[in-house]
Amino acid sequence: MFAVIKTGGKQYKVAEGDKITVEKLDVEAGGSVEIDNVLMVGQDGQAPTVGAPVVEGAKVAAEVVEQTRGDKIIVFKKQRRQNHRRKKGHRQDLTVLRITGITAG
């Protein structure tokens, strides 16, 4: 069984046992989170159930493995011939989830 969920403005296709990295969620490591923003649920050999916009009653349960940070990216802006340069770094806060169960509505 698989599901397509939406969290942090992005969509992820998940199955039970998968580990995914999403935008930061305010849950401690070792805690559990339930995502009810499920866009599609499907099984092998059957037609998937597509929500409009979400599947009613469908939920994805996940366990928080760790809170981490992404790689550093460099934002560099320059205006030529103006002696204008700006260099800025950014690291995104991330949450690693392990999918523990999918329930279809």
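Read-outs: derived from the displayed coordinates by stated rules, not from any lab. In this text, all values refer to a predicted model and were calculated from it rather than measured experimentally. Cβ coordinates were reconstructed from backbone atoms using ideal geometry, including for glycine residues, and neighbour counts include every protein chain displayed.
Between Lys78 and Lys13, take the C-beta separation as r, use R0 = 35 Å, and let me know the FRET efficiency to the nearest 0.05.
Approximately 0.35, to the nearest 0.05.
Based on the Kirkwood radius over alpha-carbon pairs, what is the Stokes-Einstein translational diffusion coefficient of the chain at 10 °C with 1.306 mPa s viscosity, in µm²/s?
The estimated diffusion coefficient comes to 101 µm²/s.
Pop out the ³J(HN,Hα) list for region 79-87 in order, Karplus 6.51 cos²θ - 1.76 cosθ + 1.60 with θ = phi - 60°, rounded to Hz; leave Gly and Pro as x.
10, 5, 6, 10, 6, 10, 9, 9, 10
Looking at region 26-105, which GluC sites (Glu not before Pro) are in a loop (DSSP not H, G, I, E or B) and have at most 12 other Cβ atoms within 10 Å?
Filter output for region 26-105: Glu28, Glu56.
What residues have an amide H closer than 5 Å to that of Thr68, excluding those fewer than 5 places away on the same chain, when H is modeled at 1.01 Å from N in the peptide plane?
So Thr68 has HN proximity to Leu94, Thr95, Val96.
Treating the beta-carbon of each Lys and Arg as +1 and of each Asp and Glu as -1, no other charges, what is the dipole magnitude of the chain about its Cα centre, to the nearest 20 debye?
1620
Can you give the FRET efficiency to the nearest 0.05 for Met1 and Ser32, using r as the Cβ-Cβ distance and R₀ = 30 Å?
0.95
With unit charges on the beta carbon (Lys/Arg positive, Asp/Glu negative), name the residue among Gln82, Gly17, Thr7 whose Cα is farthest towards the positive pole of the charge dipole of the chain.
Going by the Cα projections, it comes out as Gln82.
Grab region 2-103 and count how many Lys pairs have their alpha-carbon atoms under 16 Å apart, sequence gap of 8 or more, or different chains.
13
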